[in-house]
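Report on one structure; see the data block that follows.
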Amino acid sequence: MQNRADTREATLQAGFERKWGHLTRPHVRALAWLLDAPDLLDPAGAEWGGRIATLDPTTRADADWLAALQRDPAPLDMALGARVYSRLGLYAEKLMAFYFTRRGTLFAHGLQVRANKNDTVGEFDFLLRSGDALLHWEFATKFYLLEGAPDRLDSLVGPNLADTLGLKMRKILDKQLALARHPAAQSLLPRAVLGAQALVKGWLFYPEATVPAMAGISAAHNHGFWCPLERLGELDDGAYVILPKLLWLAPLKVAVGTQSFERAALSAFLTAQFAVTPAPVLVAAVREENGWLIERQRGFIVPDDWRAQAAARRLSGLLPA
């Protein structure tokens with residue numbers, strides 16, 4: 001498993017660092033990644049029927065705005081508020097709401113639709129102004145590991161074994177994007193909704209060095225590796241940083257002195273951790289440069305029985321077979 005980072009994978013992190021390396025504040029860096037990262041799904045894929053959204057390419061004005069937030073993050077900090085975010089998805093939504101507000105397109109974020117006070121039908125992630133009408137965008141940031149044949153989206157499994165990319169997209173396309181048509185939504189929508197699409201960002205992780213082509217997946221998507229703990233010794237030499245969930249979005253850049261592990265120490269640490277909490281851990285392989293630890297590649301280290309757990313959940317019907 002040596003040299004897991006193929007040329008494409010190395011280019012993802014290196015390219016981000018070349019373009020956005022001056023952004024070192026975590027919130028600003030995460031926002032830049034959300035705006036500029038490749039889509040996870042191919043908007044032109046026939047599987048999606050035109051229901052996958054994509055952002056406009058970042059402009060010089062966007063870059064200047066992000067640089068200004070690097071110098072003075074007060075507007076972004078105020079938008080995020082003092083709360084401690086425990087859900088990565090909500091954190092990413094707040095960052096995107098800040099961006100849409102800056103663009104003047106945000107009509108509503110997190111607007112709940114209720115049939116009555118005890119019956120919540122659903123929630124609009126984003127309603128965006130489009131001329132005299134609205135666009136409904138559902139937004140997701142997802143992380144999936146390939147476990148199985150790369151010919152079906154249900155082979156992309158969440159690290160916590162709770163869902164698959166196939167399940168997630170069926171829910172979004174079949175239910176969430178239909179919300180504007182529900183009678184209970186009509187009184188909340190003073191303008192017509194022209195269309196409903198899903199904006200999906202994230203990373204996919206593969207058990208081998210090669211990245212297979214998959215129908216519906218963007219060819220340029222962000223990706224990394226995954227491996228069981230027992231094979232961690234096959235990873236590249238060097239330093240690794242364990243990524244807390246709110247640092248899962250953008251390639252890592254943290255000050256030297258942040259806790260890092262050499263490969264053997266990482267193995268010992270995760271062996272002890274998995275004995276107590278057997279949940280996959282996302283790590284970044286880092287290099288040191290000018291006082292910073294900068295991500296080279298990333299991957300999930302999973303308990304040795306993770307693949308068997310996935311098979312058991314499929315057999316029980318908790319995941320698609």
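The values are calculated or read from the model by the stated rules, or taken from the named source; none is laboratory data. From a predicted model like this one, the values you see are computed outputs, not experimental measurements. Positions of Cβ are backbone-derived with ideal geometry, glycine not excepted, and every protein chain shown enters the neighbour counts. Keep in mind that these areas ignore ligands, DNA and RNA; they rest on the heavy atoms of the full protein, side chains included. Shrake-Rupley method; radii C 1.70, N 1.55, O 1.52, S 1.80 Å.
Quick notes on this structure:
- Count of lysine pairs in the chain with Cα separation under 20 Å (8 or more residues apart, or interchain): 17
- Summed side-chain charge close to Tyr99 - residues other than Tyr99 whose Cβ falls under 12 Å, Lys, Arg +1, Asp, Glu -1: -1
- Every Cα-Cα pair of region 89-238 was included, and the share exceeding 20 Å stands at 58 percent.
- By average C-beta atoms within 10 angstrom, highest first, the peptides 143-156, 45-58: 143-156, 45-58
- Annotation: Cα Rg of region 240-321 relative to the compact-globule expectation 2.2 N^0.38 Å equals 1.31.
- Within the accessible surface of region 163-321, defined with a 1.4 Å probe on protein heavy atoms only, the carbon and sulfur portion equals 57 percent.
- Rounded to 5, the percent of DSSP beta bridges in the chain classed as antiparallel: 60 percent
- Probe 1.4 Å, protein heavy atoms only - accessible area per residue of region 60-200 in square angstrom: 48 Å²
- Equivalent-ellipsoid semi-axes of region 165-249, from the Cα gyration tensor, Å, largest first: 39, 15, 11
- Solvent exposure of region 237-289, expressed per residue, is 47 Å² of accessible area, with all protein chains present and a 1.4 angstrom probe.
- Comparing Phe225, Gly195, Trp292 along the charge dipole axis of region 195-321, the residue lying farthest to the positive side is Gly195, per the Cβ-charge model.
- Residue-averaged 222 nm ellipticity for the chain, from DSSP H runs of 4+ at -39500 (n - 2.57), nearest 500: -9000 deg cm²/dmol
- Calculated FRET value between Asp119 and Glu288, using beta carbons and R₀ = 51 Å, to 0.05: 0.40
- Computed from point charges on the beta carbon alone (+1 for Lys and Arg, -1 for Asp and Glu), the dipole magnitude for the chain about its Cα centre is near 900 Debye.
- Here's the picture: charge each Lys and Arg Cβ at +1 and each Asp and Glu Cβ at -1 in the chain, and of Leu270, Ala79, Ala61 the one pushed furthest to the positive end of that dipole is Ala79.
- Contour minus Cα-Cα distance for Phe269 and Lys19 (0.36 nm per residue): 86.6 nm
- Prolate/oblate/rounded label for region 117-178 (Cα gyration tensor, a/c 1.5): prolate
- Label point of Thr258 set 7 angstrom out along Cα-Cβ; within region 10-53, amide nitrogens under 17 Å from it belong to 13-34.
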